[in-house]
1. Just to confirm the number: angle between the C-alpha axis of helix 16-26 and the first principal axis of the chain, 0 to 90 degrees, nearest 10?
2. Just the projected area, averaged over all directions, of the convex hull on the alpha carbon atoms of segment 1-58: how many nm²?
3. At 222 nm, what value in deg cm²/dmol follows for the chain if DSSP H runs of at least 4 each add -39500 (n - 2.57) and the sum is divided by all its residues, to the nearest 500?
4. Order M28, M1 by their accessible area, 1.4 angstrom probe, all chains in place, largest first.
5. List, in order, the whole-Hz ³J(HN,Hα) value for each residue of segment 29-36 obtained from phi through the Karplus relation with A = 6.51, B = -1.76, C = 1.60 and θ = phi - 60°; use x for Gly and Pro.
6. Using DSSP to define loop residues, name the GluC sites (Glu not before Pro) in the chain whose beta-carbon has at most 16 other beta-carbon atoms within 10 Å.
7. Tilt of helix 43-54 relative to the longest C-alpha principal axis of the chain, in degrees (0 to 90, nearest 10)?
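The values are calculated or read from the model by the stated rules, or taken from the named source; none is laboratory data. Treat the numbers as computed from the prediction; the structure is a model and nothing was measured. Here the Cβ positions follow ideal geometry from the backbone for every residue, glycine too, while neighbour counts run over all protein chains shown. When the accessible area is computed, the model is the full protein with side chains, heavy atoms only, and any ligands, DNA or RNA have been set aside. Shrake-Rupley method; radii C 1.70, N 1.55, O 1.52, S 1.80 Å.
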Amino acid sequence: MDFDKELNVSGLLCPLPILRTKQSLSTMSSGQLLKVITTDPASIIDFQVFSDNTGNELLSISETDCTFIFLLKKK
């Protein structure tokens with residue numbers, strides 16, 4: 001899937017991936033897609049809660065070799 005911006009926060013632990021994601025989304029327009037790459041296993045729950053709390057749509061979650069990839073749509 002195409003995306004407008006990519007954020008790699010690999011190696012960072014909670015809450016930094018969410019904080020960096022929030023910063024990136026603040027520079028984007030409504031409807032744009034942000035791809036986030038993390039290595040923190042807790043990020044799966046963190047991104048689901050973040051999406052529920054902020055209204056930014058979590059379009060997909062995928063995992064490969066201890067790397068988690070999230071695709072968010074800015075509200």
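1. Roughly 10 degrees between the two axes.
2. Details: hull surface 15.0 nm².
Convex hull of Cα atoms, orientation-averaged projection: 3.7 nm².
3. Values: 2 runs with 23 residues, N = 75.
Result for the chain, helices only: -9500 deg cm²/dmol.
4. Details: M28 15, M1 170 Å².
I get M1, M28, largest accessible area first.
5. So the Karplus estimates, Gly and Pro as x, are 8, 4, x, 6, 10, 10, 9, 10 Hz.
6. On the way: sites: E6, E57, E63; in loops: none.
Qualifying residues, ordered by number: none.
7. 20
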